[in-house]
Amino acid sequence: MNLICTLYDISEVIKFKQLGIKELIISDKRFATVSNSVIADEQLMELISLVHDNDMHLSIRCDAFFYEEDIADLSDYLDKLLKFKVDGIYFTDMAVYQIAKEKNMEKLLVFDGNTTLTNNRDLKVFLKLGLKRCVIAKELTYEKVLGILDGEKKKSEMIGFGHLRMSQSRRLMLTGYQEVFLNSSIHGNPNIKAQEESRNERFPIFEDEMGTYTYSSYIFWCLNELKVLNDHVDHLRLDRFFISDQLYFEVIKAYQDVLKGDDPNAIIDRLKKDYPHESFGTGFLYEQTTL
Amino acid sequence: MSKIELLAPAGDLERAKIAIRYGADAVYIGGKRFSLRARASNFDVADIAEAVIFAQEYNAKIYVTVNIIPHQEDLIGIEDYLKQLEAIGVSAIICSSLEIVGIAKKVTTKMEVHLSTQQSVTNSKAMKFYQGQGVDRIVLARELSIEEIALTQANSDLPIEIFIHGGMCANYSGRCTMSNFMTLRDANRGGCAHSCRWFYHLYDNDNELTASDRLFTLASCDLLALEYILKLIDLNVTSLKIEGRMKSAYYIASVVKTYRNLIDEYYQNKQMPRSRIDHYLKEFAKAENRLAADGYLSGRYKEDPISALRKTSASQEYIGMIIDQNDDMILVEVRNRFVLDDVVEVLSQTQTNRCFKVTKILDEDLNPLEICNRPMQKVWLSVPFEVNVNDMLRRGDEDAL
């Protein structure tokens, strides 16, 4: 199984390599959601060289929704990514696919529709588009996850760790609230959490220039399911949003250890003990939604 | 240039007929399967067939939503269902899943395939992709400004449909699973619990930012695109869509009628003075029960004028429906309280709305009444002008007498 991790800084490349990671993801806030950095061309070239020199792959998130006035910039950006030999491009908006297809570079694309791939038949439709692979939806039971992955092990990806995205809005909701009721800005602050008035859980709510996003109150993990999943999916993504660096790197090692045969229960117990203030959960793997 | 389509929602057959009688060119409805708003979808195939026959009498069309984001088991029977819809004369389906788009194109030939706003199409390149998949019309994302709609329209030859009125998702449609996470109700299969409309405390680390009387909500105001309708007509978009398959018959009637009149007036006069826009705003106010704004159309979404911090109460404007009449009086099924001497407006299906004063009320046994306060009670009223069965009554204005 290929674990895919998020890179925040070029200095982390070697650390990821030492942990056995072969594929990294970065993002540029001009074209990706929930990103704080703008990557200059020379930085990107240097990074790609370093990653490739270490026999790793680098993907870039390009997962915003784009509007008509963005299309020319998006097209130029895809040209640049092709020229710089990026290994993968995550996207949500089908405009990215359409433009990439016109440039014959659709084989680099990884479709992450967030909620849209919930059955094996839709997955096959997307894969017929000639994509590198597709990310399946997260609101699926364990049984459905195994069902949707059936026969598509190499071309599918699953989110295996992290706060799961609940929603995405174009509105700047936090700024809207702040302008009426608060004195200081909360735009771009990764420490903002929301708590429904009758509930106890707090979930991350984050605003960037492209809008507002909410994430699950708990950190999703699938350490217990990892050995079985290893037989069904080749690409497991470990997301990093709102996760401390210390926890993130410990978790990567934990996933690798379980894949090597270590007892997941012992690792789970240790992580829960070491991070008593974090809430971990298995998402919808054992929770069936209803109407 | 063909006339713009007015597309209305309906949660059941009665409301579908009302929407058509009040001037909708097309009505979209949901079946018992494959549709979002599962609780609003009361149409089995026989009901859909009846709606189609009724619509054809008025030269109107029926569209059926097949817009769930399906799990594996949801797709069972989809081929037969789509064939049935085409056989009974449904003009189009509205769907999200590319698999369902493909099946529709494979098993039907006459029925159009419209892409739901659940796919959040925001630009012409995405439109081109879906066009290549066989989609005949795109319901654009509600997130576009009027300028963005114009630019997108200019770069595509695919017909577009624009939401103009009703509830707004706080988030990109189809990309929100707040309801799944918070209530285990699947938003993208018809179970949305509207968690975005709840109230939330905000914290920066452990410091609370909100006070108890000013909690945060993600909810949007409802959409009221009146100020942009003339521009949308000038842009030659194909269809103007009203949201609200769960809305009442009165809401459907009053909103559809107001847009019908507005559109017809603009096509007839080629212009519309501010006073007439204001008139239509007042008409909409009679049907609204939540805060409304112009959504993303103004392009001012970064200032977030869309946020709904508090809801208003349900409208009490709707008084009742005319269900029968004789030479002298009309029989009214009561919905909200009214009394003798109240001024009542007839929301006519075919004529200009008119007001009258209630001078005589009789119960079904012809006993005189002064107050009508029991919903579904049937009472006889005198009306000094001609009306039609199925016209609705709402509170009127003394000045209009």
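Of B:LYS61, B:LYS3, which residue is away from every other protein chain (no Cβ under 14 Å), closer than 25 Å to B:LEU140 by Cα, without any contact (Cβ under 8 Å) to a residue 60 or more places away in the chain and surrounded by fewer than 24 Cβ atoms within 10 Å (Cβ to Cβ)?
Testing whether each residue is away from every other protein chain (no Cβ under 14 Å), closer than 25 Å to B:LEU140 by Cα, without any contact (Cβ under 8 Å) to a residue 60 or more places away in the chain and surrounded by fewer than 24 Cβ atoms within 10 Å (Cβ to Cβ) leaves just B:LYS61.
Going by what's in this entry, would B:VAL121 be described as at pLDDT 95 or above and within 25 Å of B:ASP294 (Cβ to Cβ)?
Yes.
Would you mind stating whether B:THR183 is more than 7 Å from chain A (Cβ to nearest Cβ), of a type in the set (Val, Ile, Thr) and surrounded by 19 or more Cβ atoms within 10 Å (Cβ to Cβ)? Talk me through it step by step, then tell me what you get.
Details: more than 7 Å from chain A (Cβ to nearest Cβ): yes; of a type in the set (Val, Ile, Thr): yes; surrounded by 19 or more Cβ atoms within 10 Å (Cβ to Cβ): no.
So B:THR183 does not fit the description; no.
Looking only at the range B:48-77, which residues are part of a helix (DSSP H, G or I) and at pLDDT below 95?
Our first condition is that a residue be part of a helix (DSSP H, G or I); within the range B:48-77, this holds for B:48-57, B:72-75.
B:GLN72, B:GLU73, B:ASP74, B:LEU75 - these are the residues of the range B:48-77 that are part of a helix (DSSP H, G or I) and at pLDDT below 95.
Kindly provide the set of residues from the range B:78-108 that are part of a helix (DSSP H, G or I) and either of a type in the set (D, E, K, R) or on the phi > 0 side of the Ramachandran plot (or both), ordered by number.
B:GLU79, B:ASP80, B:LYS83, B:GLU86, B:GLU99, B:LYS105, B:LYS106
Checking B:GLY299 against (1) in contact with a Ser or Thr (Cβ under 6 Å, 6 or more places away or on another chain); (2) buried (at least 17 other Cβ atoms within 10 Å of the Cβ); (3) not hydrophobic (A, V, I, L, M, F, W, C), only one condition comes out false. Which one?
(2)
Name the residues in the range B:352-370 that are loosely packed, with under 11 Cβ neighbours inside 10 Å and either over 22 Å from B:PHE385 (Cβ atoms) or touching a strand residue (DSSP E or B) at 6+ places or on another chain (Cβ under 9 Å) (or both), would you?
B:GLU364, B:ASP365, B:LEU366, B:ASN367, B:PRO368, B:GLU370
May I ask you to verify whether A:CYS5 is buried (at least 22 other Cβ atoms within 10 Å of the Cβ) and more than 28 Å from B:SER97 (Cα to Cα)?
Yes, satisfied.
From B:ASP278, B:ASP234, B:ASP264, grab the single residue that is surrounded by fewer than 16 Cβ atoms within 10 Å (Cβ to Cβ), touching a Gly at 6+ places or on another chain (Cβ under 9 Å) and more than 30 Å from A:THR212 (Cβ to Cβ).
Answer to the check: B:ASP264.
Being free of Cβ contacts under 8 Å to residues at least 60 places away in the same chain, assigned by TED's automatic domain parsing to the domain that holds B:ALA249 and closer than 16 Å to B:GLY244 by Cβ is the requirement here; does B:PHE43 meet it?
Yes, satisfied.
Take the residues in the range B:167-180 that are within 8 Å of another protein chain (Cβ to nearest Cβ) and of a type in the set (A, V, I, L, M), then tell me which one is farthest from A:LEU172 (Cα to Cα).
Quick first cut of the range B:167-180, residues within 8 Å of another protein chain (Cβ to nearest Cβ) only: B:170-172, B:174-178, B:180.
After this cut, where a residue has to be of a type in the set (A, V, I, L, M) as well, the list is B:170, B:178.
Numbers: B:ALA170: 11, B:MET178: 17 Å.
Residue satisfying both the conditions and the ranking: B:MET178.
Restricting to the range A:175-193, and then to whatever is facing another protein chain (nearest Cβ under 8 Å), surrounded by 14 or more Cβ atoms within 10 Å (Cβ to Cβ) and within 28 Å of the chain's Cα centre (by Cα), can you tell me which residue is nearest to B:ARG214 (Cα to Cα)?
Filtering first and then ranking leaves A:TYR177.
Might you let me know whether the range B:80-96 holds any residue that is at pLDDT 95 or above, within 25 Å of A:ILE136 (Cβ to Cβ) and surrounded by fewer than 17 Cβ atoms within 10 Å (Cβ to Cβ)?
Scanning the range B:80-96, I find no residue that is at pLDDT 95 or above, within 25 Å of A:ILE136 (Cβ to Cβ) and surrounded by fewer than 17 Cβ atoms within 10 Å (Cβ to Cβ), so the answer is no.
The values are calculated or read from the model by the stated rules, or taken from the named source; none is laboratory data. All figures in this text were calculated on a predicted structure; none of them were measured in a lab. Don't worry about glycine lacking a Cβ; one is built from the backbone with ideal geometry, like all the others, and counts go over all protein chains shown.
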